[in-house]
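One structure is given below, encoded as structure tokens.
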Amino acid sequence: MSEQTKYTPTEADFQFAKRDAEAETDTVFAGESSGRAAFKAFCSKKRNIIAVVILLLLILLSIIVPYLTGHRYDAQDLDAANLAPKIPLLADDSETVYLTSGTTVRNSYTDLGLENVSYLFGTDHLGRDLFSRCWQGLRVSLLVALAATVINFLIGINYCMISGYFGGKTDMIMQRIVEIAVSIPSLVVVTLMMLVLKPGVGTIILALMITGWMDMSIIARTHTLRVKDQEYILAARTQGAGKIRIIYKEILPNIFGSLLTQAMVNIPSAIFMETFLSFVGLGLPMGSCSLGSLISSGFDNCLLHPYKLVPPVIILVLLMIACNLISDGLRDALDPAHKR
Amino acid sequence: MKKYLLKRLIISIVTLFCSVLVMFLLLNLMPGSPFQNEKLSPEQRALLLSKYGLDKSLPERFFIYLKNLLKGDFGVSYSLAANVPISDLLKAHMPISMILGFVAMVIGSLIGMSVGFFSALAKDSIGDKLCSVLTIIGISLPSYLFSIFFSYTLGFRTGTLPMLFEHSHPVLSSIMPVLSYALPVAAVVCRFTRDEAVSVMESDYVLFAKSQGISGMRLLTGYILRNSLMPVITVIMMLLVGLLSGSMVTEQIFSIPGIGALLTKAITANDYNVVLALTFVYAFIFIAARLLLDVLYGIIDPRIRVSGKG
């Protein structure tokens, strides 16, 4: 209570008490990085691996096949129209046609004198090879979906990390904008966009971008808010890191995983939107093809020649299932608390 | 609580207003007009434009539109069905879409909830695994693939059900559309219910209840079912919004005279009063559902209404 004892530090106080290799290794963080742990968790499930293999196979085929087949995807051969699928070594290449007047079996190859030719998936009403068209269509659809997703990803994360981090009035205004944008039905906006602009791949990507970025930004905002008040952000701020630096160097890496999961969800929905547009007749211009336009023209012919509808539908189904499985797997792997 | 409700209400109204504004501008930027017929002379076209008030400036038109909208008047159709009030068109097309959507929703969510719940109870059994495979397929496929599949198999090959919608057999011809709406819904609801039920069953309060000797039906109905169904209702509400507005593709495949089909027709005919009215209906349903959910949440969870975040 009376006098404070005064302590004068000596030289020895500033020496390391123990300085060796053991003290300098950070045993807590020398373990497994979270990224590697997530990767291991992802690979430990058989169905994740299968999904990745299917997706890679589809991508690979869509890149290679259009160059390999003898038939160009847009080459017309009216003499070889409406041929049923024919696999060279299997003998039976006739098709059964169901008409209102009865059922007939016919073989267009022998009817047209084309015994030496074979089309794996058959040909369409203009004699275009469906095998090349399917893979070319998959290529276009994948391109559209990937481009739209990447753009959405970039817009969404930037928009909402900024809004979530700054908070206050900025957040309020930016969130109202998102809320309004979300409440306008996206199908309507996409359809209108396709009408206003010239049909083409670029327009579809633009339309998907305008309608798709909100989902991503809502996710990004939730995760930014979750991360924002944690100690390491505070630590960065006390050390004088600027807002931009905190957003991109501290917040982004920590919410990246959840965003990646959302991006994988986005790809199937972009593909769905593309096929939907082609189905309504607002998709790509005549001549080019996508999975959507193949399915839609297959549907027009499906009563007489159902074989035209089957391959693009199977490719679409495989693609959608693979993407959904991967996004599920990613979610489980990145978020152990969310384990099912 | 009152303050929270008022705030949500104001935000919803502003949102609705903004979406009308955006759609109005977007539609007016669209090339072409409802009177694109080449046979019309410039004078005739000008006469038509002035008759419908389309020669006025854009802001003026918007205010007139808004004023009429508040009175419940959507204007008249230009080219789809000339001079027919749009409210009549809506009256003719809305019920079928809404009834089909609602029935599909009820069927889909009942199937989804029960299958999901039993699959959670029998976690990791063969049935559960089979169910998860089926739900993944149901979630992945676009609903129009179901429509195509049903239309080809049941409609064309076996001929058991009418392929196109017939007014003489409304129930019989609704089976396929309802099924193709309901299956994806069932898949989504099933998976959500299962996940919720599994996490509830592993939660501390269920373990605690078990340790107190509560078991069997009482544990199921009193603890697990109630807690796992609450979040599922949110999902069902959001799915319902999508279904009530009808599906453009499915309605096209079965040629159902609903609002989805009406929208497709209106867009191709450049009839932008109809497009605007339908968009307003979509936005209204969507925003109303969001508002309802927010209010429900505010009642259920006091934390939300205190912080004021929806």
Count of the range A:228-242 residues which are at pLDDT 80 or above, part of a helix (DSSP H, G or I) and not polar (S, T, N, Q): 7
B:MET105 - would you say it is buried (at least 17 other Cβ atoms within 10 Å of the Cβ) and within 14 Å of another protein chain (Cβ to nearest Cβ)? no
Based on what the data block shows, is A:ILE267 in contact with a Cys (Cβ under 8 Å, 6 or more places away or on another chain) and touching a residue at least 12 places away in the same chain (Cβ under 8 Å)? yes
Among the residues in the range B:202-224, are any under 22 Å from B:GLY101 (Cα atoms) and surrounded by fewer than 18 Cβ atoms within 10 Å (Cβ to Cβ)? no
Within the range A:213-225, identify whether any single residue is under 25 Å from A:LEU284 (Cβ atoms), buried (at least 21 other Cβ atoms within 10 Å of the Cβ) and of a type outside the set (A, V, I, L, M, F, W, C), and answer yes or no. no
Mind listing just one residue for me: the one in the range A:155-182 that is within 23 Å of the chain's Cα centre (by Cα) and either within 21 Å of A:THR275 (Cα to Cα) or of a type in the set (Gly, Ala, Ser) (or both) and, of those, farthest from the other protein chains (Cβ to nearest Cβ)? A:GLY156
May I ask you to list the residues in the range B:205-263 that are among the polar types (S, T, N, Q) and out of contact with any Pro (no Cβ under 9 Å at 6 or more places or on another chain)? B:SER211, B:GLN212, B:SER215, B:THR221, B:ASN227, B:SER228, B:THR234, B:GLN252, B:SER255
Residue count, the range B:166-204, condition among the hydroxyl-bearing types (Ser, Thr, Tyr), more than 14 Å from chain A (Cβ to nearest Cβ) and touching a residue at least 60 places away in the same chain (Cβ under 8 Å), comes to 3
Here are some residues: A:ILE246, A:ILE251, A:ILE267, A:ILE255. Which one is touching a His at 6+ places or on another chain (Cβ under 8 Å), within 30 Å of A:PHE39 (Cβ to Cβ) and among the β-branched types (Val, Ile, Thr)? A:ILE255
Let me confirm something: among B:ILE96, B:ILE126, which residue is surrounded by fewer than 15 Cβ atoms within 10 Å (Cβ to Cβ) and at pLDDT 85 or above? B:ILE126
The lone exception for B:GLY116 - which of (1) in contact with a Ser or Thr (Cβ under 7 Å, 6 or more places away or on another chain); (2) within 10 Å of chain A (Cβ to nearest Cβ); (3) under 23 Å from B:ILE236 (Cβ atoms) it fails: (2)
Could you look through the range B:150-165, keep only residues that are touching a residue at least 12 places away in the same chain (Cβ under 8 Å) and within 10 Å of chain A (Cβ to nearest Cβ), and pick out the one that is farthest from B:ILE253 (Cα to Cα)? B:GLY155
Search the range A:226-239 for residues being charged (D, E, K, R) and surrounded by fewer than 16 Cβ atoms within 10 Å (Cβ to Cβ), and hand back the single one that is farthest from A:PHE256 (Cα to Cα). A:ARG237
Can you work out which of the residues in the range B:24-52 that are of a type in the set (S, T, N, Q) and outside any helix (DSSP H, G or I) is modelled with the highest pLDDT? B:SER41
Can you confirm whether B:GLY246 is under 28 Å from A:SER297 (Cβ atoms), within 14 Å of another protein chain (Cβ to nearest Cβ) and modelled with pLDDT of 80 or more? no
So B:GLY101, is it modelled with pLDDT of 85 or more and either among the acidic types (Asp, Glu) or over 20 Å from the mean Cα position of the chain (by Cα) (or both): no
Which numbered condition in (1) at the interface with chain A (Cβ under 9 Å from one of its Cβ atoms); (2) under 24 Å from B:ALA182 (Cβ atoms) is the only one that B:VAL232 fails? (1)
Among the residues listed as A:LEU259, A:LEU325, A:LEU334, A:LEU304, the single one being touching a strand residue (DSSP E or B) at 6+ places or on another chain (Cβ under 8 Å) and farther than 26 Å from A:PRO66 by Cα: A:LEU304
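Table: residues versus (1) closer than 29 Å to B:ILE256 by Cβ; (2) touching a helix residue (DSSP H, G or I) at 6+ places or on another chain (Cβ under 6 Å).
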| site | (1), (2) |
| --- | --- |
| B:LEU25 | no, no |
| B:ILE64 | no, no |
| B:ILE96 | yes, no |
| B:PHE102 | yes, no |
| B:MET113 | yes, yes |
Return only the number of the condition from (1) in contact with a Gly (Cβ under 6 Å, 6 or more places away or on another chain); (2) surrounded by fewer than 20 Cβ atoms within 10 Å (Cβ to Cβ) that A:GLU274 does not satisfy. (2)
For the range A:311-326, enumerate the residues that are in contact (Cβ under 8 Å) with a residue 60 or more places away in the chain, more than 10 Å from chain B (Cβ to nearest Cβ) and among the β-branched types (Val, Ile, Thr). A:ILE315, A:ILE326
B:PHE146 of a type in the set (Phe, Trp, Tyr) and closer than 22 Å to A:LEU325 by Cα: yes
What are the pairs with Cβ atoms under 7 angstrom where one residue, in the range A:189-203, is more than 10 Å from every other protein chain (Cβ to nearest Cβ) and the other, located anywhere, is of a type in the set (S, T, N, Q)? Sequence gap at least six, or different chains. A:VAL190/A:THR211
Which residues, taken from the range A:120-134, are buried (at least 24 other Cβ atoms within 10 Å of the Cβ) and among the hydrophobic types (A, V, I, L, M, F, W, C)? A:LEU130, A:CYS134
Criterion violated by B:MET230 - all others in (1) in contact (Cβ under 8 Å) with a residue 40 or more places away in the chain; (2) surrounded by 22 or more Cβ atoms within 10 Å (Cβ to Cβ) satisfied: (2)
Pairs, please: C-beta under 7 Å, at least 6 apart or cross-chain, first residue within 19 Å of B:TYR272 (Cα to Cα) and in the range B:38-67, second assigned to a helix (DSSP H, G or I) and of a type outside the set (Gly, Ala, Ser)? B:GLY53/B:ARG61; B:GLY53/B:ILE64; B:ASP55/B:LEU49; B:LEU58/B:ASN28; B:PHE62/B:PHE24; B:TYR65/B:PHE24
Of the residues in the range A:127-155, those that are of a type in the set (Phe, Trp, Tyr) and at pLDDT 85 or above come to A:TRP135, A:PHE153
So which of A:LEU284, A:LEU294, A:LEU330 is more than 12 Å from every other protein chain (Cβ to nearest Cβ), at pLDDT below 80 and surrounded by 22 or more Cβ atoms within 10 Å (Cβ to Cβ)? A:LEU284
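The values are calculated or read from the model by the stated rules, or taken from the named source; none is laboratory data. Since this is a predicted model, take the numbers as computed values, not measurements. Virtual Cβ from ideal backbone geometry, glycine too; neighbours counted across all protein chains shown.
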